[in-house]
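These notes concern the structure reproduced below.
The values are calculated or read from the model by the stated rules, or taken from the named source; none is laboratory data. Predicted model only: the values in this text are computed from it and were never measured. Backbone-built Cβ (ideal geometry, glycine too); neighbour counts: all protein chains shown. Keep in mind that these areas ignore ligands, DNA and RNA; they rest on the heavy atoms of the full protein, side chains included. Shrake-Rupley method; radii C 1.70, N 1.55, O 1.52, S 1.80 Å.
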Amino acid sequence: MAAKKQKSRKKTSADLESVRGQGGELHQQRSEGTVLSTNDGIAIADNQNSLAIRPGGPTLLEDFVLQEKISHFDRERIPERVVHARGTTAHGYFELTDSLAEFTTARVLTVVGARTPVLARLSTVVGASGSADTVRDTRGFSVKFYTDQGNWDLVGNNIPVFFIQDAMKFPDLVHSVKREPDRGFPSASSAHDTFWDFISLTPEATHHLLWVMSDRGIPRSLRTMEGFGVHTFQLVNANGDATFVKYHWRPHHGVAALTWDEAVTLAGADPDFHRRDLWESIERGDQPGWDLGVQLFTAEDAERFAFDPLDPTKLITEEDVPVRIVGRMVLDLNVENVFAENELAAFSPMRILPGMDFSADPLLQGRLFSYLDAQLHRLGGSNFQQLAVNAPRCPVANYQRDGFFQGRPQGGRVGYEPNSLDEAGPRETPGGFASAGVNSEGSKARWRPATFADHYSQARQFYRSQAPFEQSHIVDAIVFELGKVETPSIRHRMVANLRQVDESLATRVAAGIGLAEPPEASPTAVPVRDLPLSPALRYASKAEPTLRARSVGILVAKGTDLATVERASASAAAAGATVKIVSPTIEGVTAEDGTHLAADCQLSGTTSAVFDAIAIVLSAESAETLCTEHAALDFARHAFAHLKGIGVDEGGRRLLHAAGIRADEWVVDLTDPDHFLTVAAERHPEREPSVRNLP
Ligand code: HDD
């Protein structure tokens, strides 16, 4: 008779040991991770040659080492994000400095001094994952807060408004701006017919369009851009009272932008310009940071705004509701593996905490479906929140079961709730997430609120609030982009729309594209209003002269005066800049006094576009030689055309002269290092009329 069935026992470490194999040298090496193995743990003796019947003979199907290696490789790529495919990720922390306890129960916003770990992913929107960083585009600004109440994702952009008002139009917007499907180009660019066709037929996009055509569309660095939550969200306090909130990120290194020509040059010279800059700054310990600010307002306040705060194509000016700074984020740790911590990272506006809520913004509501759906598709099913980068840093317990790559312990009989068989199991809690109450009645239809109808007034306010040089850059950008549009009627329709924004903007664009007679203005649903100007909308109002998070390139050659280089370099570094020595050869040069001067960059491979300011220190003889070297002449010419401060000695002046540069007040002698620091700390748009014919 069979022995009485024994109750199963728990696995012990001895069982595991017996599974793993016993003792021996190989075992020792394996536990140290130095033995190459297959994914089934079989040690590999030869990782160089396929299995064949004889030298030069056919490879055998039984070669499981080859099969596994190649088939794994074949599956290395996962679908890239349909938008925001190119992003850069870093870890850091958020520290609250001002409690919002009056408005919310979310601890991340109420416990002053508490540090919450974060993951930030800063991205372009349009280009594929291998595209260039410095293209003109909106930038994504995603932050995942790993709070002790669960993960909160703030998934915003570097522009405070969006192109469209309803998620229904998102696929059309994205299809219009991506590579045209019949030809597969242009890459990572909005300068083509389908984008401008869609935009010119979608007046609600005009406001965002002007932002992205402004210098905001070409940030100097990921460290020098603002971030915005864009939508109006809600905070909910312990009494259940809701307050509207808009989120802002303010860079500690000031807002700064590239010039367009510089952005184009960089896209070729260093397509990873932004990614490299963020990575290097964190490696150096020069940590990027942002303040978190909020605009708080009630439903009653909203009544007096010029626009419906649920319309994501509109903003609330800082003059109307000031931004209250409540905390700061610092990024202090680079990822170890881009695939695991960037590709697999999943952000979604649906991830909010108890004490927070959404609003009825129809664009936001559509996003609340889209991100989870995209992640279920991209990340192999419903367990992607278990991936290390996405996993909350607080306990997770529920009765969800199974699915691809289920990694949580699933023991026990009970996979449902309520239950009486798992008394220690997870239960609902009164402090859990609860939605703010909504009183609503009406009829079901595909509504577009009448309060969303004014598409031009805020675009006008934005354009007219810009400084003259910023307005010129907007005109210039639109002229550039329309210059790539082949279909005349699209160009003309766009000019007709711009007439509703500002007549002088439309006239300048028309002249820029060579249109003798601007077309009749497009019709509008409601009259366009003249709103008060908002200086806070100027990017220049948030820029600050600084050498922090900026770089200075010093061009040297044989016989350079070492003391001048050292003085310029030391003072720029003391002011916070990264200083790089650029020399005709990467091995460096011999200075005037015979010492060896090491180089960081080789002149022929280094455009001055990678620096924020340059110095040129040359002996008379080297200056003469470099006067016939186009890389040296371009180094000087580009820095001048990109409106940068330039420091020179005698030899440097000689090179500028050979490059055809008429020195102005922002070209200074290095004999006065302080003066050099002053001109190096910012761009000089006042020089622009002398280097370009602005439309
Ligand atoms: Fe989106 C990614 C920002 C509208 C659908 N979006 C994505 C990312 C950012 C934004 C920063 C990258 C997240 C990351 O780093 O992984 N998106 C925005 C903002 C919007 C916006 C600020 C408007 C205010 N998005 C929007 C709409 C839809 C989407 C209206 C669809 C209805 N967005 C997506 C997406 C992505 C995405 C397709 C790509 C992959 C992913 O989400 O996980 O679902």
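Scanning the stretch 641-652 for residues that are within 20 Å of Lys580 (Cα to Cα) and in a helix (DSSP H, G or I) gives Gly651, Gly652.
Suppose we keep only residues that are open to solvent by less than 10 Å² (accessible area, probe 1.4 Å) and among the polar types (S, T, N, Q) within the stretch 105-140. Which one would you say is farthest from the ligand (Cβ to nearest atom)? Applying the filter and picking the extreme gives Thr134.
One line per residue, one yes/no per condition, for (1) of a type in the set (Gly, Ala, Ser); (2) in contact (Cβ under 8 Å) with a residue 12 or more places away in the chain:
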| site | (1), (2) |
| --- | --- |
| Ala525 | yes, yes |
| Val528 | no, yes |
| Leu533 | no, yes |
| Ser541 | yes, no |
| Glu544 | no, yes |
| Ala549 | yes, yes |
| Val556 | no, yes |
| Gly559 | yes, yes |
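Let's see how each residue does on (1) part of a helix (DSSP H, G or I); (2) modelled with pLDDT of 95 or more; (3) more than 20 Å from the chain's Cα centre (by Cα):
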site	(1), (2), (3)
Trp211	yes, yes, no
Arg216	yes, yes, no
Val230	no, yes, no
Thr243	no, yes, yes
Trp249	no, yes, no
Ala263	yes, yes, no
Leu292	no, yes, no
Gln295	no, yes, yes
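Just checking, does the stretch 165-179 include any residue being more than 16 Å from the ligand (Cβ to nearest atom) and surrounded by fewer than 24 Cβ atoms within 10 Å (Cβ to Cβ)? Looking for residues that are more than 16 Å from the ligand (Cβ to nearest atom) and surrounded by fewer than 24 Cβ atoms within 10 Å (Cβ to Cβ), one finds at least one in the stretch 165-179, hence yes. Over 27 Å from Pro532 (Cα atoms) and open to solvent by 40 Å² or more (accessible area, probe 1.4 Å): does that describe Arg413? Yes: the conditions hold for Arg413.
Checking the stretch 190-197 against the condition returns no match, with no residue being within 15 Å of the ligand (Cβ to nearest atom) and at pLDDT 95 or above. Within the stretch 351-363, is even one residue among the polar types (S, T, N, Q) and either within 21 Å of the chain's Cα centre (by Cα) or modelled with pLDDT under 95 (or both)? So far as the stretch 351-363 goes, no, none of its residues is among the polar types (S, T, N, Q) and either within 21 Å of the chain's Cα centre (by Cα) or modelled with pLDDT under 95 (or both). Each residue in the stretch 369-384 was checked for being open to solvent by less than 30 Å² (accessible area, probe 1.4 Å), of a type in the set (A, V, I, L, M, F, W, C) and near the ligand (Cβ under 7 Å from one of its atoms), and 0 of them qualify. The set of residues in the stretch 447-481 being of a type in the set (D, E, K, R) and at pLDDT 95 or above consists of Asp454, Arg460, Arg464, Glu470, Asp476, Glu481.
Scan Glu95, Glu80, Glu102, Glu68 and give me the residue that is among the acidic types (Asp, Glu), in the same structural domain as Val177 (by TED's automatic domain parsing), at pLDDT 95 or above and closer than 16 Å to Val143 by Cα. Only one candidate qualifies: Glu95. His638 falls short on exactly one of the conditions (1) open to solvent by 20 Å² or more (accessible area, probe 1.4 Å); (2) in a loop (DSSP other than H, G, I, E, B), and that condition is (2).
Residue-wise test of (1) over 26 Å from Thr110 (Cβ atoms); (2) more than 13 Å from the ligand (Cβ to nearest atom); (3) in contact with a Gly (Cβ under 7 Å, 6 or more places away or on another chain).
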| site | (1), (2), (3) |
| --- | --- |
| Pro312 | yes, no, no |
| Glu318 | no, yes, no |
| Val323 | no, yes, yes |
| Phe347 | no, no, no |
| Arg351 | no, no, no |
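Gln287 falls short on exactly one of the conditions (1) more than 18 Å from the chain's Cα centre (by Cα); (2) touching a residue at least 40 places away in the same chain (Cβ under 8 Å); (3) surrounded by fewer than 22 Cβ atoms within 10 Å (Cβ to Cβ); (4) part of a loop (DSSP other than H, G, I, E, B), and that condition is (1).
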